[in-house]
Amino acid sequence: MNVKLRVLSAGALFFLGQAVYAQKKPKDTASKETKIEEVVVLGYSKTITKKNSTVASNTVGDVFLENRPNTNVLTSLQGSAPGVIMNGGSGSPGSAKFSLLIRGTSSINGNTDALIVIDDVPSNASEYRNLNSNDIESMTVLKDAAATAIYGNRGANGVVVIRTKRGKYGSGFKVSYTGMTGMSLRPLDKYNLANTSEYLDIMRLYGLSPSTTGTPNAYDKALAGQAAGIDTDWKKVFFKPEMFQSHDVSISSGGGNVASYTSFGYMEQGGAVPTTDFKRFTARSNIMAKSKDEKLTVNSQIGLAFSRRNELFEETSSAIRNNSVQNPLLGVLQGLPYLAPGVYANGQELFNAIGTNFNDGNNIYVLENLLTKGNLPNFVDQISITGNLGGSYKITKNFSLNNKLGVDYRQSERTSGRAPWSYLALATQGTAKYTGSETQSITRDLSINNVASASYNGQAGEHTIDATVSLEYNKVHYRTSTRTQNGLDPRTYVPGSGTGYVPYDSSTNNFLPSVSASRITAGTLAYFANANYDYAGKYGFSGTIRRDASYRFIGANQWATYWSVSGRWNIDKESFMEGSTFSNLKLRASYGTNGNQNIIASASGSNPLLTASTIVRDQYTSPIGYGNSLGLGFGYGNPTVRWEDVAQANIGLDFTLLNNKLEGTFDIYQKKTTNLFSSIPVSGVSGSYSVNGNNGSMTNKGIELGLRYNIFNKDGVKLTVFANGSYNQNRINEYQINGDPEPGTTTTIAGHQLYEWYVYKYAGVNKSNGNLLFYTKDGGVTEAPDVSDAQYLDVGIVPKYAGSFGFESQYKGFFFDALFTFQAGIKKFDNALYWLANPVGLGSNAVGSGNLSNDLVGAWSPTNTNSDTPSLRATNWGYTSQSDYFIKDASFLKIRSATIGYQLSKDMLRNMPITGLRIYLQAENIFTWTKWRGFDPEPITGSSLSIYPNPRMYTIGVKVDF
C-alpha cells in the first residue's frame, strides 16, 4: 500500500539528494526520509522551510482533501486548521454562498472572507465551483500579519494559498483514474411537523370546530382529509435522493528538463430540492521546464472549465425568502398534512381551480407547479479560463529576476423566467393574450495580474539572508448586459432558445421588452519588499513593507502603506536542550498591518473588486419611474473615504516531542480594525440622515491550538489522532449609529460584540392565563415589556469556538479515516420555527393556513396549566419576534466526513497492468448533534429563513494508477 509522507505544516516537499517516492519503502531507505525539509508556501512563488518560518500557518492534511465529493474546493477547509471557520451558506449544487473567516470578522460592511491565491496568483473570484478538487496538491492557511502583510490591500482577512498538482522531473509517465458515484440526501430536521391527527388536535385546542354555515371551513377540510386517509409528509414529496458522480483522469510525466501534469474531469450532482443540479467539465495542463544549466526556469498553469447549474430563484433573490408560494425551502414546511399531493396536472388546471386564492393551504399546490421542470427555468452556464505563466532567471548565483502573469476570465450566461404555461404566469396574465417572461443576462469578468520581482539569496558563514522587491499590477474589466422578454407563446417557447417571443403590441402597450447594461474597470497597483534573516538556524527575523494604490479612493487616500516584522527562536537548537524530549521547539512573534479596500462586501459569486466603485463621488442618476418615465436622482459621495486598516499581533509556539509522536502549534493573537466603513449619522438638513464614511474600530482576540499524535506506526499498522480548536472574542470599540437598536435584532453597538442579540428575555408561561412572560430590567416579569426591558445576550451569529478532531488509521491494506467538526457560542433566529410553533406567526388565520409543529399539541389550557408552551390563544404572541423565544442555540458537533477502504499492495498487482488500486466508501455530513431544530445549523446568518441545507452524501469511489 502507498504510505503518504506526511508534512503537517508544509504545502510542498523539498528533496535533498536523490528523489524519494511516496511508496512503501524497505527499511534501508529510512535514512532518505530524514532528508525531507518541511516548507511553508507563502505565495508569490515564495516558500520558506518550516524550521525557519516566522509566520502563523497551517497546511491542510490529506484527511481534509482526499476522497471528498465537494463541488466547492474550499469546503475542504472545514475544521482544517485552528482559527479557520469555513461554513457553506447554501447546499444548492454549485452554490457560491460560503463564509471563510480566519480569526474572526474584521469588517462590518466590507468583505470578510479570506483571500484565495491559486498557483501564486491572488484571485479576484469569490466562487470556486469550477476548480477541480482532484487537481489540488496542497492548501496552506496564512493567518498572522507576518504571513499576510505581503498581500497588503487584500490580506486583511487572512490568506489561503492553493497549489495545483504538477509533474516531477525524472518521474516517468503515469496515468491515474479517480471515480466516485453515490447519492445526496436532505439533512433531517427537528421541527416535528404535525400529522393530520395532531393538526386536528391543534385546531380543537385553538377553538376551531365544524362550520355551521354550510360552507366547509378549514376544520371540515381537515376532517375530510382524515376520513380519506390523507396524511401527507410534504418533505418526502419534494425532497428526493439525487445522484452524484465524478470521473477524473490525470496524466503526469517528467524528463530531465520538462515535467507536466494534465487532467480531465466531469462532475454531476443532483440537488435535494427539485429543479436544482450541477454539471461541470474541467481540463488542466501544468508544465514546468528548466534549462540545462538550471539558470532559467519557466512554468505555466492553464485551467479550463464549463459548468451548468440549475438553481432556485431564492438562491440569488432575497425578496422571496418569506414567500411560501415561490420559496420551496419555506413552503415545504407549511404544507398541510390533510391535503393530497398531485391533485392538479398543470398550471392551467390549478389556476382554474383556485384562481389567486392561497388560503386553506393552496400555496402548496402552487409550489408543486413551480417545482415542475421547465415551469420556472433558472439556469446558469459558466465558462472559466484561468492561466498563468511564470519565469525566473538566475543572473548570478545569488541574484535572480522573476515574473508571474496571471489571467482569470469568467463568462456567465443566466436564463430565467416564467414559462407561459406555469401557474405564476397565468395568475398574472390579466387580459393580455400572452403571458410569461424570460430574462437572459451575460456577464464577462476578466482579471489580469502581473508580478515582477528581483530577489537575492546569500549566505556568509552562519548568516543567511534572502530579500525580494516586487511590483504588482492588477486590472479588472467587467461587463454585463441583460434583456427581458415579456410575453411568450406557449406553442413554440423553449427556455433559453429565443423562440416563442411575442412582438411588442403598440396598440395595447403589451409585451414591451427591457434592456440594461453596465461596465466597470477596476485596478490596483503595489510595490513591496520582503527580507528574511537567519543566524545559525537558531534565530530569525523577517520584515515586509508594501505600498498599495486602489482605484476606489482619491487624493491622499488613494495610496496606503502596510508592513510587518517578525522573529523566531529555535529553542531546540540551544545547547541546554540537548537530550530533551523536544525535537522541535520554536517561539514565534509578529506584528504588522494590512488593508481592506473591499469596504463593501460583494454578492455571492461576484468579484469583490467591483463594489464601491463610485463611493467617493457624487452621483446624478436617472431612475425609471411609473410608465418608464425618467426621473432625477442624487447620491452623496464622500471623497475622504479610505481603507479599513487591520493591525495584528501574534505570539506562537511550534513543538514536536516524544520521539516525534506529538506535534502541535499554539498561538495567541490580537487583531484590531480601524477606520471601519459604514454610514455616519449627519443632520437631516442636508437631505439625508447619513453619509458613507469611515467610522469606528473593532477588535478580535483569541487563542488557537492544534495537536497531532502519532500513536502507532509499525508493520503496516498506523493510528494517528488529531484535534484543533480556537476561541475568538470580538468587540466593537467605537461606532456611531442613528438612534437606538430595536429589540429582536442583532446590533453593532460599541462595547458589545458584532451582531450581538438585543432582545426581551423570555421568562416562561403565566400559569394563570397561558400568556408569555418576559423579564423586566429590574429582574421582575411582565406580559408587556417595553424597550427599557430589552437586554443584550452576550452571543451573536458568529461562533466564538470552533475546531475539529478525528483520526487516520491503517491496517495492512485497509484504511479508516474520520473527521468531526464543531462550533459553539452562536445563536440564530429560527424564522421557520417562528411560523411553525407560533399560532399567529402567519397571521390571525395561521391555524388552517399552514402546517404547525406538534409542540403545540401540549400547549397551555385551563386543564393543562403546567405546560411550558404558551396558550394558543395567548394575547402576547407578538412579542416573540422581539424576544429570545425563537432565538436558538446553533452550536453543533458534526460527523463531517468518514472514509473506509482498501488499497491493494504492489505485490498483489505485480502481474497486472496497473500499479495501484484503491477502493473506498465515503460519507459526508453524516450526523449532527445540535439543539438547532432546522435542517442545518451551519450557515452564518441571523435568520434560518430560506437556507438551502447542506446535504448528506454517500459515495463509493475507486482510484486506479497505471
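The values are calculated or read from the model by the stated rules, or taken from the named source; none is laboratory data. Given the structure is predicted, the values throughout are model-derived calculations rather than measurements. Cβ sites come from the backbone with ideal geometry, for glycine too, and all protein chains shown count toward neighbours.
Can you tell me which of I302, I230 is touching a residue at least 24 places away in the same chain (Cβ under 8 Å) and in contact with a Gly (Cβ under 6 Å, 6 or more places away or on another chain)?
I302
Which condition number does M243 fail, the rest of (1) in contact with a Pro (Cβ under 6 Å, 6 or more places away or on another chain); (2) closer than 21 Å to F935 by Cβ being met?
(1)
Can you give me the ranges of the strands (runs of 3 or more DSSP E) entirely in segment 696-789 with at least 3 residues that are under 30 Å from N675 (Cα atoms)?
Because the criterion is at least 3 residues that are under 30 Å from N675 (Cα atoms), the strands (runs of 3 or more DSSP E) in segment 696-789 that meet it are 697-714, 717-734, 745-747, 756-759.
For segment 663-678, which positions are over 23 Å from R642 (Cα atoms) and either surrounded by fewer than 19 Cβ atoms within 10 Å (Cβ to Cβ) or charged (D, E, K, R) (or both)?
Selection gives E663, F666, D667, I668.
Can you run down the residue pairs with Cβ atoms below 6 Å, 6 or more apart or on separate chains, where the first is in segment 88-101 and more than 19 Å from E924 (Cα to Cα) and in contact (Cβ under 8 Å) with a residue 12 or more places away in the chain and the partner is of a type in the set (F, W, Y) and buried (at least 23 other Cβ atoms within 10 Å of the Cβ)?
none
Only one of (1) over 30 Å from T561 (Cβ atoms); (2) of a type in the set (G, A, S); (3) modelled with pLDDT under 95 is not met by S679, so which one is it?
Just one mismatch for S679, condition (1).
Only one of these is over 26 Å from the mean Cα position of the chain (by Cα), modelled with pLDDT of 95 or more and charged (D, E, K, R): D654, D715. Name it.
D654
If only one of S171, S126 is under 30 Å from T955 (Cβ atoms), out of contact with any strand residue (DSSP E or B) (no Cβ under 7 Å at 6 or more places or on another chain), in contact (Cβ under 8 Å) with a residue 12 or more places away in the chain and of a type outside the set (D, E), which one is it?
The conditions single out S126.
Based on what the data block shows, is Q226 buried (at least 16 other Cβ atoms within 10 Å of the Cβ) and in a helix (DSSP H, G or I)?
yes
So, L333, is that one touching an Asp or Glu at 6+ places or on another chain (Cβ under 7 Å), in a helix (DSSP H, G or I) and either of a type in the set (V, I, T) or in contact (Cβ under 8 Å) with a residue 12 or more places away in the chain (or both) or not?
The answer is no for L333.
Hey, among the residues in segment 274-296 that are acidic (D, E) and over 22 Å from P951 (Cα atoms), which one's surrounded by the fewest Cβ atoms within 10 Å (Cβ to Cβ)?
This residue is D293.
Quick one: which of R284, R309, R280, R321 is out of contact with any strand residue (DSSP E or B) (no Cβ under 7 Å at 6 or more places or on another chain), touching a residue at least 40 places away in the same chain (Cβ under 8 Å) and of a type in the set (K, R)?
Going through R284, R309, R280, R321 in turn, the sole match is R321.
Please go through segment 540-551 and give me each residue that is crowded, with 17+ Cβ neighbours inside 10 Å, over 22 Å from T521 (Cβ atoms) and of a type outside the set (S, T, Y), ordered by number.
G540, G543, I545, R546, listed by residue number.
Out of all the residues in segment 70-79, which are assigned to a loop (DSSP other than H, G, I, E, B) and surrounded by fewer than 24 Cβ atoms within 10 Å (Cβ to Cβ)?
N70, N72
Scan segment 201-245 residue by residue and report those that are within 19 Å of L367 (Cβ to Cβ) and of a type outside the set (D, E).
A218, K221, G225, I230, T232, W234, K235, K236, V237, F238, F239, K240
Can you tell me which residues in segment 332-346 are closer than 17 Å to A227 by Cα and either touching a Lys or Arg at 6+ places or on another chain (Cβ under 6 Å) or buried (at least 18 other Cβ atoms within 10 Å of the Cβ) (or both)?
L336, P337, Y338, L339
Out of segment 942-962, which residues are in contact with a strand residue (DSSP E or B) (Cβ under 7 Å, 6 or more places away or on another chain), under 30 Å from L333 (Cβ atoms) and not small (G, A, S)?
Scanning segment 942-962 gives N950, P951, R952, M953, Y954, T955.
Would you pick out the residues in segment 550-575 that are under 26 Å from I48 (Cβ atoms), out of contact with any Gly (no Cβ under 8 Å at 6 or more places or on another chain), part of a helix (DSSP H, G or I) and not small (G, A, S)?
Hits for segment 550-575 are I571, D572.
Among the residues of segment 503-517, are any closer than 30 Å to G43 by Cα, assigned to a strand (DSSP E or B) and either out of contact with any Pro (no Cβ under 9 Å at 6 or more places or on another chain) or aliphatic (A, V, I, L, M) (or both)?
Within segment 503-517, not a single residue is closer than 30 Å to G43 by Cα, assigned to a strand (DSSP E or B) and either out of contact with any Pro (no Cβ under 9 Å at 6 or more places or on another chain) or aliphatic (A, V, I, L, M) (or both).
Going by the conditions given, is N359 touching a residue at least 24 places away in the same chain (Cβ under 8 Å) and of a type outside the set (G, A, S)?
Yes, satisfied.
What's the total number of residues in segment 702-717 that are farther than 19 Å from K143 by Cα and surrounded by fewer than 18 Cβ atoms within 10 Å (Cβ to Cβ)?
Count: 8.
I'm told I162 meets every condition in (1) over 20 Å from K97 (Cα atoms); (2) part of a strand (DSSP E or B) except one. Can you identify the failing condition by its number?
(1)
Within segment 900-944, restricting attention to residues that are of a type in the set (S, T, Y) and assigned to a loop (DSSP other than H, G, I, E, B), which residue is surrounded by the fewest Cβ atoms within 10 Å (Cβ to Cβ)?
Going through the qualifying residues, I end up with S905.
Can you pull out the residues in segment 802-848 that are part of a helix (DSSP H, G or I) and either under 30 Å from V717 (Cβ atoms) or hydrophobic (A, V, I, L, M, F, W, C) (or both)?
Those that are part of a helix (DSSP H, G or I) and either under 30 Å from V717 (Cβ atoms) or hydrophobic (A, V, I, L, M, F, W, C) (or both): A832, L833, W835, L836.
Of all residues being surrounded by fewer than 17 Cβ atoms within 10 Å (Cβ to Cβ) and among the hydrophobic types (A, V, I, L, M, F, W, C) in segment 378-390, which is nearest to L296 (Cα to Cα)? Just the residue, please.
In this case the residue turns out to be L389.
Could you list all residues from segment 383-418 that are under 21 Å from Y128 (Cα atoms) and of a type in the set (G, A, S)?
Once the filter is applied, which keeps residues that are under 21 Å from Y128 (Cα atoms) and of a type in the set (G, A, S), segment 383-418 yields S384, G387, G406, S412.
From the list Y219, Y191, Y169, which one is in contact with a Gly (Cβ under 8 Å, 6 or more places away or on another chain) and in a helix (DSSP H, G or I)?
Going through Y219, Y191, Y169 in turn, the sole match is Y219.
State yes or no: is I554 surrounded by 14 or more Cβ atoms within 10 Å (Cβ to Cβ), among the β-branched types (V, I, T) and either in contact with a helix residue (DSSP H, G or I) (Cβ under 6 Å, 6 or more places away or on another chain) or at pLDDT 95 or above (or both)?
For I554, the condition - surrounded by 14 or more Cβ atoms within 10 Å (Cβ to Cβ), among the β-branched types (V, I, T) and either in contact with a helix residue (DSSP H, G or I) (Cβ under 6 Å, 6 or more places away or on another chain) or at pLDDT 95 or above (or both) - is not met.
Scan (1) at pLDDT 85 or above; (2) part of a strand (DSSP E or B); (3) not acidic (D, E) for the single condition A612 breaks and write down its number.
Failing condition for A612: (2).
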